[in-house]
């Protein structure tokens with residue numbers, strides 16, 4: 001029900017309401033942080049909506065979603081730098097297309113190669 005979603009949203013809106021140290025300690029017992037977080041969030045939501053806190057999703061679903069949310073935030077920060085790095089490597093590959101260098105295999109010299117290939 002929409003009322004349950006609103007109650008869960010309201011209870012989860014303030015991360016400071018949850019004791020991160022306690023969650024971390026209890027996560028060791030259950031193998032993941034979702035189990036103690038669900039327990040605390042269910043208690044915070046209270047009746048009659050507590051039973052809706054963890055309905056229809058597995059703990060692994062929640063971990064996977066959280067991982068992707070963090071990855072998306074991280075990518076937003078990294079993509080501009082990654083694009084600059086890509087352009088710099090493309091420039092180096094073009095400039096050093098014919099610049100010879102020793103090839104390497106398992107930390108030993110191998111047949112010669114060109115630096116442009118390494119940069120590409």
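Computed from the coordinates by the stated procedures, all read-outs in this text should not be read as laboratory data. Just so you know, these numbers come straight off a predicted model, no measurement behind them. Positions of Cβ are backbone-derived with ideal geometry, glycine not excepted, and every protein chain shown enters the neighbour counts.
A few comments on the model shown:
- Remark: the Cα gyration tensor places the stretch 58-120 in the oblate category, a/c being 1.5 or greater and a/b not exceeding b/c.
- Counting only alpha carbon atoms, the long axis of helix 20-30 and the longest principal axis of the chain meet at about 90°.
- Counting neighbouring Cβ atoms within 10 Å and putting the fewest first, the residues 41, 82 line up as 82, 41.
- For the options 103, 46, 30, a Gaussian network treatment of the chain with springs between C-alpha atoms closer than 10 Å singles out 103 as fluctuating the most.
- Just checking the listed ones, 91, 26, 73: in the Gaussian network model of the chain with Cα springs under 10 Å, the one fluctuating most is 91.
- Angle in degrees between helix 34-45 and the longest Cα principal axis of the chain, rounded to the nearest 10: 40 degrees
- Residue with peak Gaussian network fluctuation, the chain [Cα springs, cutoff 10 Å], from 51, 15, 102: 102
- Rounded tilt (10° steps) of 2-12 against the dominant C-alpha axis of the chain: 70 degrees
- Ordered by the count of other Cβ atoms within 10 Å of each Cβ, fewest first, 38, 111, 70, 45 give 111, 70, 38, 45.
- Look at the Cα gyration tensor of the chain: its axes a ≥ b ≥ c give a/c of at least 1.5 with a/b over b/c, and that counts as prolate.
- When the Cα convex hull of the stretch 1-56 is projected onto planes of every orientation, the mean area is 3.8 nm².
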